[in-house]
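K.L.:
The structure's right below; bear with me while I get my questions together.
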Amino acid sequence: MKKLYTLMMMAVMVLTFTSCEDEMIADTLEGTWSGNMYVSSYYQGHDYYATKTEITFNIDPFRFTRGSGYWVDYYSGAPWDYVANHIDWHVEDGNIYVYFREDDTSVVISDYHLSDSHFTGFIADGYNDVHFSLYHTYSPNWEKYDNWGYDDWDDDCYYARQTRGAEGNDSTATAPEKPIRQFGKKATELP
């Protein structure tokens, strides 16, 4: 019985330390980060590379290891200026899991170094691991983004400078092809 009690106490301590570590990571992560995530978007046979990424992590005040936020990739020379997504994120066993609501995709950030001013590490999108480097910045005015990947949560997709169809804002017009976010490799190199 004493052995069972000792094992149970050790398990509780391990869970407590993991939880505290995850909370410290989430607390340091909170805020806006900017830099290079080596993101590109594949669209109509072309790869377009983001010039900068800004990510805001907001902590859920009731669940300290998770939250929501924004992920904005800025482009130059693409048919759009930016691709903006709402995100949900959580820290579990030291890994940071990010879910892109508009894209319905997820990534995992692992093997990273996080301080109050720098955030570097590796992001995995299911195909490869890509090194990234971000720095802590101020929080921009997120209200300036009219298009969060979709013009309506349950409607057709479009991005900045993109219209619904050739006939204008007709609800019967077909939605344009949606860019595919990728990390590191070109779409033609993916399996």
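K.L.:
Please tell me if Val91 is surrounded by 15 or more Cβ atoms within 10 Å (Cβ to Cβ) and farther than 16 Å from Gly184 by Cβ.
P.N.:
Yes.
K.L.:
Scan (1) in a strand (DSSP E or B); (2) surrounded by 14 or more Cβ atoms within 10 Å (Cβ to Cβ) for the single condition His113 breaks and write down its number.
P.N.:
Condition not satisfied by His113: (2).
Residues are listed down the side, and each one gets a yes or a no for (1) open to solvent by 70 Å² or more (accessible area, probe 1.4 Å); (2) within 19 Å of Asp129 (Cβ to Cβ); (3) part of a strand (DSSP E or B); (4) at pLDDT 95 or above:
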position: Met9; (1), (2), (3), (4): yes, no, no, no
position: Val14; (1), (2), (3), (4): yes, no, no, no
position: Asp22; (1), (2), (3), (4): no, no, no, no
position: Trp33; (1), (2), (3), (4): no, yes, yes, yes
position: Ser40; (1), (2), (3), (4): no, yes, yes, no
position: Arg66; (1), (2), (3), (4): yes, no, yes, yes
position: Ala84; (1), (2), (3), (4): no, no, yes, no
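The values are calculated or read from the model by the stated rules, or taken from the named source; none is laboratory data. Predicted model, so just to flag it, every value in this text is computed and none were measured. With ideal geometry, Cβ positions are generated from the backbone for all residues, glycine too; neighbour counts draw on all protein chains shown. Accessible surface is based on the protein model in full, side chains and every heavy atom, while ligands, DNA and RNA are left aside. Shrake-Rupley method; radii C 1.70, N 1.55, O 1.52, S 1.80 Å.
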